[in-house]
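Visitor: Please find one structure pasted underneath; my questions will follow.
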Amino acid sequence: MRFLSLILLLSFSFFKSQKCYDLKTVLKVEPTELYKPHLLASQSFNVNILENTKSVDKYIAKGKFVKVKKKSRGYRLQALEYSRPYLVKKARTTLERMANQFATNTKSFFVVSSVTRTLEDQCRLRKVNSNASLGISSHNYGAAFDISYVRFDHQLKVNPKLEKELGKLLEQYKNLGKIFYIKEKQQSCYHVTVRNY
Ligand SMILES: [Zn+2]
């Protein structure tokens, strides 16, 4: 009997160590005031928090998530290591329209550096980037993407002119009620959450 409980205990801790997050704890982390509107917006698309590949596949199969193209007029998608190239339809359309307008205004393109992340992806990311959020993020619902402001036209450098143009575009879309955005200095990107407009 004692042996059996030991086996149970061992398999339990093994099972526990397989999961790198605890959903209850993750959901309990209070978002900052600045971030709250992002979360509420991302949660308005009727997508449950994405835990793993299976959850993403489910929404792809339902047609709720659509693939983000590697390139389109005005943007290029960076090779993604910790996120997946899928978004809810409205988020993809918004990205493409913003990029298209950026190309018209500047004859340049911006680079999308991150798209949709599951909680498992987020754990892997946290191992390399301790700044990665402990709690939930709008990336966990398929409604957010990051735009780098140091990689315009695939050139790793500061470009004040293009950065200003991107800033203007983001502000315009925000004022139209289509997005929320935050400048993330540590990652040199704009975090963009698409609203269910
Ligand atoms: Zn982000």
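The values are calculated or read from the model by the stated rules, or taken from the named source; none is laboratory data. These numbers come from a predicted model, not from an experiment. Methodologically, a virtual Cβ is constructed for each residue, glycine included, from the backbone with ideal geometry; neighbour enumeration extends over all protein chains shown.
Visitor: Condition check: of a type in the set (Ser, Thr, Tyr), outside any loop (DSSP other than H, G, I, E, B) and touching a Lys or Arg at 6+ places or on another chain (Cβ under 9 Å). Does Tyr197 satisfy that?
Guide: No.
Visitor: Next up: Please count how many residues of the range 102-119 are in a loop (DSSP other than H, G, I, E, B) and under 22 Å from Lys168 (Cα atoms). Even if it seems obvious, please write down each step before you answer.
Guide: Of all residues in the range 102-119, those in a loop (DSSP other than H, G, I, E, B) come to 107-109, 115, 117-118.
Adding the requirement that they be under 22 Å from Lys168 (Cα atoms) leaves 107-109, 115.
Here the count works out to 4.
Visitor: While we're here: Of the residues Glu33, Glu51, only one is at pLDDT 90 or above, under 23 Å from the mean Cα position of the chain (by Cα), farther than 22 Å from Ala91 by Cβ and not in a helix (DSSP H, G or I); which? Quick ask: steps written out before the conclusion?
Guide: Numbers: Glu51 fails: farther than 22 Å from Ala91 by Cβ.
That would be Glu33, the only listed residue that is at pLDDT 90 or above, under 23 Å from the mean Cα position of the chain (by Cα), farther than 22 Å from Ala91 by Cβ and not in a helix (DSSP H, G or I).
Visitor: Name the residues in the range 120-171 that are within 14 Å of the ligand (Cβ to nearest atom), within 19 Å of Pro37 (Cα to Cα) and part of a helix (DSSP H, G or I), would you?
Guide: Passing the criteria: Ser138, His139, Asn140, Tyr141, Leu170.
Visitor: Also, quick follow-up: When you scan the range 68-77, how many residues do you find that are under 14 Å from the mean Cα position of the chain (by Cα) and farther than 10 Å from Phe110 by Cα?
Guide: Of the residues in the range 68-77, the ones under 14 Å from the mean Cα position of the chain (by Cα) are 68, 77.
From what is left, the residues that are farther than 10 Å from Phe110 by Cα are 68.
Count: 1.
Visitor: Hey, another quick one. Which pairs have Cβ atoms under 7 Å, sit 6 or more apart or on different chains, and link a residue in the range 49-72 that is hydrophobic (A, V, I, L, M, F, W, C) to one that is in a loop (DSSP other than H, G, I, E, B) and modelled with pLDDT under 95?
Guide: Ile49/Ile136
Visitor: Go through (1) within 12 Å of the ligand (Cβ to nearest atom); (2) in contact with a Leu (Cβ under 7 Å, 6 or more places away or on another chain) for Lys183 and report which single condition fails.
Guide: The failed condition is (2).
Visitor: Let me ask another. Just checking, does the range 102-114 include any residue being touching a helix residue (DSSP H, G or I) at 6+ places or on another chain (Cβ under 6 Å), crowded, with 16+ Cβ neighbours inside 10 Å and hydroxyl-bearing (Ser, Thr, Tyr)?
Guide: yes
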